[in-house]
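Accompanying notes for the structure given below.
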Amino acid sequence: MTDVTGKFFWYELMTSDPQGALAFYGDVVGWTAQPFGDDLAGDPYYVLTGSGGGVGGIMAIPAEAKDCGMTPWWGGYIGSTDVDADVARLTTAGASVKRAAEDIPGVGRFAVMADPGGAIFMLLKGSSPDGFAAPPPMAAGHVGWHELSSGDYEADLGFYTGQFGWVTGDGMDMGPMGTYQLWSQDRVVSFDAMTGAIMPKMPQQPAPAWLFYFNVGDIDAAHDRIVAGGGSVTHGPMEVPGGAWIVQAIDPQGAAFAVVGMRAHQGVGS
């Protein structure tokens, strides 16, 4: 089992239409989904599974959150061994608490935080003694890249490296857009070990945010499925260092997401 402490390991979509989202992502990414638990009254939580096991979940936006203006979005959970202690530590380091630590029966203890630049992430300590098995690299349906559009580039870079031990790799000069700084949650400095990047938020983006890239086989087929399913492509397909291709998109309900994969002629199936 893999130690997920200080790493993103679970991804959750809160949406206005869970059934529509399940159909869309099942087609685009290839997930299967099952309701969590035996009580299916109300709005169930759907657990998503990729080729290497559990990936995350889809749920309806809670009524109280909708009343506060929440729109569909993808969030990521970072593993914690002590949520309350981490909340205190991270707050001292410049983060802010958006939802205080509390228990989810049968799941664990969690808290909702914002980094110094304002991007949201969650902390979670699971209640099960069973750990998480790491999926193979680029396993279909799992997250292959984590990208932060930062509201405070220098502060956020120091925050994640200082508080979670992430290590930096190369920085790519994007000219007026700033530096695209690679980093690794696995604390290994090599190009192949990089798991994400931080960049300054672009002026057209409404708020600082994390963007998660889901692995697909054929990037062009995924692009076409996004469009056919009612999503909108905002960028790509674009080749990135290492030979993979990316597409950034908005799902039919309005949540931002991305996919990463190869082209069919490169020898990877759809």
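The values are calculated or read from the model by the stated rules, or taken from the named source; none is laboratory data. In this text the structure is predicted, and so the values were computed from the model without any measurement. Backbone-built Cβ (ideal geometry, glycine too); neighbour counts: all protein chains shown. These area figures cover heavy atoms from the full protein model, side chains too; ligands, DNA and RNA do not enter into them. Shrake-Rupley method; radii C 1.70, N 1.55, O 1.52, S 1.80 Å.
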Qualifying positions in the range 243-264 - within 18 Å of the chain's Cα centre (by Cα), in a loop (DSSP other than H, G, I, E, B) and among the aliphatic types (A, V, I, L, M)
Ala255
Criterion first (modelled with pLDDT under 90 and not hydrophobic (A, V, I, L, M, F, W, C)) does Ser190 satisfy it?
yes
When Gly50 is evaluated against the numbered criteria (1) at positive phi; (2) within 22 Å of the chain's Cα centre (by Cα), which criterion, by number, is the only one it fails?
(1)
Quick one: how many residues across the range 226-236 are under 14 Å from Ile250 (Cβ atoms) and not in a strand (DSSP E or B)?
5
Quick check on this structure: which one of Gly79, Gly56, Gly37 is of a type in the set (Gly, Ala, Ser), farther than 14 Å from Leu13 by Cβ and under 15 Å from the mean Cα position of the chain (by Cα)?
Gly79
For the range 244-266, name all the residues that are aliphatic (A, V, I, L, M), open to solvent by 20 Å² or more (accessible area, probe 1.4 Å) and without any contact (Cβ under 8 Å) to a residue 60 or more places away in the chain.
Ile250, Met262, Ala264
When you scan the range 14-57, how many residues do you find that are more than 15 Å from Val143 (Cα to Cα), among the aliphatic types (A, V, I, L, M) and touching a residue at least 24 places away in the same chain (Cβ under 8 Å)?
5
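Conditions tested, residue by residue: (1) farther than 20 Å from Asp84 by Cβ; (2) out of contact with any Pro (no Cβ under 7 Å at 6 or more places or on another chain).
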{"residue": "Leu123", "(1), (2)": "no, yes"}
{"residue": "Pro136", "(1), (2)": "yes, yes"}
{"residue": "Gly141", "(1), (2)": "yes, yes"}
{"residue": "Asp170", "(1), (2)": "yes, yes"}
{"residue": "Gly178", "(1), (2)": "yes, no"}
{"residue": "Thr195", "(1), (2)": "yes, yes"}
Restricting attention to the range 222-243, and to residues there that are touching a residue at least 60 places away in the same chain (Cβ under 8 Å) and surrounded by 18 or more Cβ atoms within 10 Å (Cβ to Cβ), which single residue is farthest from Ala119 (Cα to Cα)?
Arg225
Output for the range 43-61, where each listed residue is small (Gly, Ala, Ser) and within 21 Å of His146 (Cα to Cα):
Gly50, Ser51, Gly52, Gly53, Gly54, Gly56, Gly57
Among strands (runs of 3 or more DSSP E) entirely within the range 45-147, at least 1 residues that are of a type in the set (Gly, Ala, Ser) and open to solvent by less than 20 Å² (accessible area, probe 1.4 Å) occur in 46-50, 53-60, 73-79, 108-114
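Listed here are the residues, each with its yes/no results for (1) in contact with a Leu (Cβ under 7 Å, 6 or more places away or on another chain); (2) on the phi < 0 side of the Ramachandran plot; (3) not charged (D, E, K, R).
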| residue | (1), (2), (3) |
| --- | --- |
| Gly20 | no, yes, yes |
| Pro44 | no, yes, yes |
| Glu64 | no, yes, no |
| Gly69 | no, no, yes |
| Gly94 | no, no, yes |
| Ala101 | no, yes, yes |
Condition test on Pro105, is it of a type outside the set (Asp, Glu) and farther than 24 Å from Ala256 by Cβ?
yes
Touching a residue at least 60 places away in the same chain (Cβ under 8 Å), within 25 Å of Trp10 (Cβ to Cβ) and surrounded by fewer than 14 Cβ atoms within 10 Å (Cβ to Cβ) - does that describe any residue in the range 205-221?
yes
Condition first: open to solvent by 90 Å² or more (accessible area, probe 1.4 Å) and part of a strand (DSSP E or B). Now tell me which residues in the range 165-194 satisfy that.
Asp170, Asp173
